[in-house]
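The values are calculated or read from the model by the stated rules, or taken from the named source; none is laboratory data. As the structure is a computational prediction, the values presented were derived from the model and not from experiment. All Cβ positions, glycine included, derive from the backbone under ideal geometry; neighbour counts span all protein chains shown. With ligands, DNA and RNA removed, areas are computed over all heavy atoms of the protein, side chains included. Shrake-Rupley method; radii C 1.70, N 1.55, O 1.52, S 1.80 Å.
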Amino acid sequence: MDVLKDPVNDRQVKTLKPPPHRPLSKNLMFPDKLKNKPDWKLLKDHLQREGRIAKEELFKLVSDFNKLLKNEGNVIYLQDPLTVVGDIHGQYYDLLKLLEPKVGGNPETTKYLFLGDFVDRGSYSIEVVILLYAIKLNYPNTVYFLRGNHECRQLTAFFNFKDECLYKYDQETYEMLMDSFDLFPLACIINSKFIAIHGGISPDLKSIEDIKKLDRYHEPPRSGLFCDLLWSDPVDQDQGNLDGQWKSNEVRGCSWFFGIDASMKFLQRNSLISIIRAHEAQLDGYKMHRWNGGQDFPVVITIFSAPNYCDVYNNRGAVIKFENNTLNIQQFQYTPHPYLLPNFMDIFTWSIPFVAEKITEMLYNLIQAGDQGDDDDDVNQEDIEQFKQLTNQNKQYNKQQSGGSTGKSTEKLKNKLKFVATMMKLQKTLREESESVMKLKGACPDKRLPKGILSAGKTAITDALADFNVAKNADIVNEKMPAQAQIPQQSISIKKPSNNTPQPKKK
């Protein structure tokens, strides 16, 4: 496959080869030797080089994938060995790292369970979906997916997956993928002792049978069991205590917080040990919620597999590896990826702040010249003289209208000067720190910056990006459900003794 040329040698990530010149052909993507299955290894390398596949091949891939999911129930039952993966969020190059033998394991020999949130936030959600669908078609009995809260129409329109679909394909492709997400199962029972879900438990969840009875083939509702499985969170409290078993989840704008009482009641009723879930960014890529004391097995385990989330959080990614009744947590660092302008912006839109800064600077010089009479070699003298004449005429007119007083007009001119000077500072900050500003925005459509951050300048922006907690707090407003229509690798082992009371142990 011919690659694009790089005559000026301006690629940001030099270790990646230039992208292919054309989409992957059908005969290469679906070779006869694989009996109509996609060549996922070739596809992986093609997408890694920023290649594309034609719309026709994408539709065939999704159609074949959908046939498999329609035969899976709401609840999947799996045994170890098994690798459990948390949120990926469009971070394709980190997914490739995750699939390596030393991290999650080679899909050819490893059983996988993905807990959802494949799309949004990152710029390569389409690539994540294509590769995972292709792997599933090759290994339908060892690769499984659950639905996350981002696999829905509301959030993909609010965040950036819909924009990505429209940029790389079209509206029809977006709608086709949304219909595919409606087919994803909702929960998994591992080794008959663990329940794996994307979000958490629900006041409406009494037994596993309640999940099996759900109609999953539609957009998730804003309340009820279906919603809670995708949206609820464990309470962020060391002992897991709540006033009551449930608390309204004001952070998400829907669903619930649950604590130790609700968790233990559900686990004991269903003869389970622990709840494994994703849904929340973690600094270390995982969190053990040891509400029942440090010596007992964690009631809840959160796993998050998107390192350096949104290119801002500086967190590690992690996966859970079950083998021989042993639970290992494998961490991994982020992988550099090709640079894209935010929200798939084109170069002309991106350049507007630069142009605006120059226009503002010109306006500032003109006003300054009219107010103070200073000469400036960088400004055309004829333009300055014209501006002075207009300014003097304006002053005389104001003097006549105000009975001889020029105080008001002078004050107005000074206010204009201050305003334009402020605008110049903001535009300069935007230009010089544009990449940091975009990182702080979290690469999402909402683009809320902390108040006053631009006027405070470079130091304030750098400080705001300093650590994980600041990034997470700045971004927390974007974790809500929208209004209607809106490191070195490490391993920690936790072994499960025969008496079903596992004891944590570090490697």
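Structural remarks
- Dipole magnitude of the stretch 151-192, debye to nearest 20 (Cβ charges: Lys/Arg +1, Asp/Glu -1, about Cα centre): 160 debye
- Between the stretch 48-116 and the stretch 124-182, the Cα center-to-center distance that results, in Å: 11 Å
- If you take all other residues with their beta carbon under 15 Å from the beta carbon of S207, and give Lys and Arg +1 and Asp and Glu -1, the sum is +1.
- Dimensionless Rg ratio for the stretch 269-324, taking C-alpha atoms and the 2.2 N^0.38 Å reference: 1.27
- Stretchable slack from L363 to I347, in nm (0.36 nm times residue separation minus alpha-carbon distance): 3.3 nm
- Charging the Cβ of each Asp and Glu at -1 and of each Lys and Arg at +1, and nothing else, the dipole of the stretch 203-342 about its Cα centre rounds to 280 debye.
- Residues of the stretch 145-290: accessible area per residue with a 1.4 Å probe, Å²: 36 Å²
- Modelled label reach - E72, point 7 Å along Cα→Cβ, the stretch 209-227 residues with backbone N closer than 16 Å: 212, 216-218
- For C165, neighbours were defined as the other residues whose beta-carbon sits under 14 Å from its Cβ, and their charges (Lys and Arg +1, Asp and Glu -1) total -4.
- Accessible area of the stretch 211-313 belonging to carbon and sulfur atoms, whole % at 1.4 Å probe: 45 percent
- Most positive-pole-ward Cα, S25, L99, I76, against dipole of the stretch 1-99 from beta carbon charges: S25
- Accessible surface of E323 - all protein chains present, 1.4 Å probe, nearest 10 Å²: 110 Å²
- With R₀ set to 41 Å, the beta-carbon distance separating S63 from E250 gives a calculated FRET efficiency near 0.50.
- Restraint check, K44/K321; K26/K162; K26/K193; K67/K321; K37/K287, Cα-Cα greater than 32 Å: K26/K193; K37/K287
- With every protein chain in place, the stretch 1-143: carbon and sulfur % of accessible area (1.4 Å): 51 percent
- Cα→Cβ-extended label distance, 7 Å offset, between D32 and D238, nm: 6.8 nm
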